[in-house]
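Working notes, structure below.
The values are calculated or read from the model by the stated rules, or taken from the named source; none is laboratory data. Note that the coordinates shown come from a computational prediction; the quantities given were computed from them, not determined experimentally. Methodologically, a virtual Cβ is constructed for each residue, glycine included, from the backbone with ideal geometry; neighbour enumeration extends over all protein chains shown.
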Amino acid sequence: MSLLYSALRNRKKIPEIYLRGLLAIFGAYGVAFAAAAAFTVILPMPPVDAAVTAAMLSYLLQTIAILWTFVAKSLRHAILGLGASAALFGGLYGVAA
Amino acid sequence: MDIRRPLSRFHSWFGLPLSWMLFFIFATGTLSFYRNEITFWMQPELHQVRQDDQGLDRALAVLETVASGAERWIINLPSERNPAINLAWTNPGGDARRPERKNLDPASGETIEPRATGGGNFFFRLHFELFGLDHATGRMITGFAAMAMFALIVSGIVIHRTLLKEFFTFRPKTNRVLWRDAHNVTAVLALPFHLVITFSGMTLLAPLLMPSAFTPHYSDNIRAFYMESRGFRPAERQKRDQPAAALPNVAAMIDTARSHWRGNDVGSVAIDNPGRVGSIVELKPSHALSIGIPSAGGGLRFDAKSGDMLDESGAASLSVAMAFWNSINSIHLGRFASPLMRFLLFLSGMLGTVMIAAGLISWHIIRAQRRKSGDSVPASHRLVEILNIAFIAGLPLAMIGFFWANRLIPAEIQNRTGMEENIFFLLWGLCFIHAALRRPHVKAWCEQLGIAGLMGLSLPLLNGLTGGAHLGESLPSGLWPVAGFDCLALIIGGGLAAIACFLWKRAKPAVGEGGKPC
């Protein structure tokens, strides 16, 4: 509710912040999800090690991706950046698996 | 490009809506470091137990009479976290995860039937499953919240590059910077803890939160991952219906284990096929032997008949990845912690809770002071203030109310556990209503904090009056879970009451002149 109110009061600035927010929540998770899948099949380790290492690396990537959505020059840049990295990791997974 | 500006917008706009949930998770999670102690306090029937060195023999004697045909006995020996002996056993055909249980006084061998209570487990469950949701959804939400918190911490570090300098900056004189400084000081003081506890929150939930890392190897059998990563032995089919044999000499095995573990005490004794041929005894240490080993690691198995040590679980050398994984998870669970370490974890959790609260308060105060004096207060700011009151002051009130409910609801009554929980949610709901209706807001703050403080301060008294061991008993006899709980109740209750007085004193002139306090 409070967010809605603020959004209505500052029509110019706030909606973009919250669009970026949505992108940070779901977009960054998408990147991390693809990255975890790629790492877990690429890493030359026993399954247990590969799984936990991939999960931890994906969390670090997700953090960077979340912050990137806010640092990027425009919303378009943010979407492109996340989309490209998700595609890259998805492709890596596809090749390796 | 200066990335601090966009990051600080992220910090305040992303942080705000999440911080209420994070406050809830941190407050309930911090208490969970002491969940065994809390459960013990909440069962005053157990406070009378005393120690002597015959406890193990008495436990075995009780199990022989009540559980002679069982497949497995488990004896949890007295520790500084729980001075009673907990017995558990699985009858043939019973579910091993839901064993029969009894509590035992080590000094008398009498079994004690304590009251039913949610205990410390209530808060433990709340902190990662929330309420009113199915388990998976709740864990998913808290997992995402942990992710967001991790990003918030990193952004906070980048925003405040001059961390060390800010750490020594504390300006209590002005309202605005007081809370901002409090946010920074508590953040920096326990920064490694904040980073590790949020990151390990995610790793503990990883198979659910980031399934893509696991499914390529454990497609539809995530249990196999848990068994492997936690160092469980693959289940061996035990032969049942073996001929009778003498009970093992557990005391001798305990001596062997203690010297094998270089003095670490035995925490629990599990006996498979007790009193039968082919019986096996497994001893587990009271604390994890090192923070890197898996949760099921460190157990020693003995042949019941000969008393020879068979093997040690989880003793295989660990990869770097698993050692790191186990270490951060151990820290989150406080598995290895000695009393001092556990207290430091608790203290760090408290600092994290205060950090989130101070962040929420300063978000509101900064915007309140930017308003010109004639402006009406925007509804959004009012809403933030109301939620701040109901969470920061109301949640502690409801949590302390939960302990009151534990002692005021009669011990024998049906569905006590549910009633305790209902009172917690009822009190918290009332705090929301009170925060929404009471004006000026500072009165709502003071009243809720004041009531929570008084209720906390009187918990030790309530404990003594309702059958528990009061401080005069628990301190001299070294009943640490109870004495520690009462002392912390005094400190936290006193702290809440002091904040209420502080706020009230400062707001008084403004309220008296009929002005508008924040």
Legend entry - Hits in segment B:318-346 - residues which are within 18 Å of residue A:51 (Cα to Cα) and surrounded by fewer than 19 Cβ atoms within 10 Å (Cβ to Cβ): B:319, B:320, B:323, B:324, B:327
Inset, instruction - Go through (1) farther than 18 Å from residue B:442 by Cα; (2) at pLDDT 90 or above one by one and return the number of the condition residue B:383 breaks. - result: (1)
Legend entry - Where residue B:472 falls short, out of the listed (1) surrounded by 13 or more Cβ atoms within 10 Å (Cβ to Cβ); (2) over 23 Å from the mean Cα position of the chain (by Cα): (1)
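Given the options A:59, A:18, A:5, A:29, name the one that is at pLDDT 95 or above, surrounded by fewer than 22 Cβ atoms within 10 Å (Cβ to Cβ) and either facing chain B (nearest Cβ under 7 Å) or assigned to a helix (DSSP H, G or I) (or both). Full working, then the answer.
Values: A:59 fails: surrounded by fewer than 22 Cβ atoms within 10 Å (Cβ to Cβ); A:18 fails: at pLDDT 95 or above; A:5 fails: at pLDDT 95 or above.
Unique residue meeting the criteria: A:29.
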Legend entry - Residue among B:10, B:24 that is surrounded by 22 or more Cβ atoms within 10 Å (Cβ to Cβ) and in a helix (DSSP H, G or I): B:10
Inset, instruction - Go through segment A:39-56 residue by residue and tally those that are within 9 Å of another protein chain (Cβ to nearest Cβ), part of a helix (DSSP H, G or I) and not polar (S, T, N, Q). - result: 11
Inset, instruction - Quick one: in segment B:58-78, of everything that is surrounded by fewer than 17 Cβ atoms within 10 Å (Cβ to Cβ) and of a type outside the set (Val, Ile, Thr), which residue is nearest to residue B:467 (Cα to Cα)? - result: B:61
Legend entry - Selected residue [buried (at least 20 other Cβ atoms within 10 Å of the Cβ) and under 25 Å from residue B:406 (Cα atoms)] from B:55, B:132, B:118: B:118
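For (1) assigned to a helix (DSSP H, G or I); (2) more than 14 Å from every other protein chain (Cβ to nearest Cβ); (3) crowded, with 19+ Cβ neighbours inside 10 Å; (4) of a type in the set (Phe, Trp, Tyr), each residue gets a yes or a no:
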site	(1), (2), (3), (4)
B:348	yes, yes, yes, no
B:362	yes, yes, yes, no
B:367	yes, no, no, no
B:373	no, yes, no, no
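Being more than 8 Å from every other protein chain (Cβ to nearest Cβ) and within 23 Å of residue B:138 (Cβ to Cβ) is the filter here; which residues of segment B:184-206 pass it?
The initial filter retains those residues of segment B:184-206 that are more than 8 Å from every other protein chain (Cβ to nearest Cβ), namely B:184-198, B:200-201, B:204-205.
If the condition is that a residue be more than 8 Å from every other protein chain (Cβ to nearest Cβ) and within 23 Å of residue B:138 (Cβ to Cβ), then B:194, B:196, B:197, B:198, B:200, B:201, B:204, B:205 are the ones that fit.
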Legend entry - Counted residues, segment B:375-394 - those being part of a loop (DSSP other than H, G, I, E, B) and buried (at least 19 other Cβ atoms within 10 Å of the Cβ): 0
Inset, instruction - Working carefully through the options B:362, B:319, B:338, find the one that is without any contact (Cβ under 8 Å) to a residue 12 or more places away in the chain and of a type in the set (S, T, N, Q). - result: B:319
Inset, instruction - Would you mind telling me which numbered condition in (1) surrounded by 20 or more Cβ atoms within 10 Å (Cβ to Cβ); (2) within 14 Å of another protein chain (Cβ to nearest Cβ) residue B:16 fails? - result: (1)
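State all residues of segment B:60-74 that are among the β-branched types (Val, Ile, Thr) and not in a helix (DSSP H, G or I); if no residue qualifies, say none.
B:74
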Legend entry - Unmet requirement for residue B:291, which otherwise passes all of (1) touching a helix residue (DSSP H, G or I) at 6+ places or on another chain (Cβ under 7 Å); (2) more than 29 Å from residue B:280 (Cα to Cα): (2)
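Residue B:343: within 30 Å of residue B:143 (Cα to Cα), at pLDDT 90 or above and away from chain A (no Cβ under 14 Å), yes or no?
Yes.
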Inset, instruction - For residue B:318, indicate whether it is of a type outside the set (Phe, Trp, Tyr), more than 14 Å from chain A (Cβ to nearest Cβ) and closer than 30 Å to residue B:264 by Cα. - result: no
Inset, instruction - Output the residues belonging to segment B:1-13 that are facing chain A (nearest Cβ under 7 Å) and either under 14 Å from residue A:78 (Cβ atoms) or not aromatic (Phe, Trp, Tyr) (or both). - result: B:3, B:6, B:7, B:9, B:10
Inset, instruction - Give segment B:102-114 a look and list any residue that's of a type in the set (D, E, K, R) and either modelled with pLDDT under 90 or part of a loop (DSSP other than H, G, I, E, B) (or both), or say none. - result: B:105, B:110, B:113
Inset, instruction - Could you identify the single residue in B:279, B:212 that is of a type outside the set (A, V, I, L, M, F, W, C), buried (at least 19 other Cβ atoms within 10 Å of the Cβ) and within 14 Å of chain A (Cβ to nearest Cβ)? - result: B:212
Inset, instruction - Determine if segment B:432-441 includes at least one residue that is surrounded by 22 or more Cβ atoms within 10 Å (Cβ to Cβ) and among the aliphatic types (A, V, I, L, M). - result: yes
Inset, instruction - List every residue pair whose Cβ atoms sit under 8 Å apart, with the two residues 6 or more apart in sequence or on different chains, where the first one lies in segment B:405-426 and is in contact (Cβ under 8 Å) with a residue 40 or more places away in the chain and over 21 Å from residue B:464 (Cβ atoms) and the second, anywhere, is surrounded by fewer than 18 Cβ atoms within 10 Å (Cβ to Cβ) and aromatic (Phe, Trp, Tyr). - result: B:425/B:131
Legend entry - Answer from B:88, B:59 - the residue that is in contact with a strand residue (DSSP E or B) (Cβ under 9 Å, 6 or more places away or on another chain), in contact (Cβ under 8 Å) with a residue 40 or more places away in the chain and of a type outside the set (S, T, N, Q): B:59
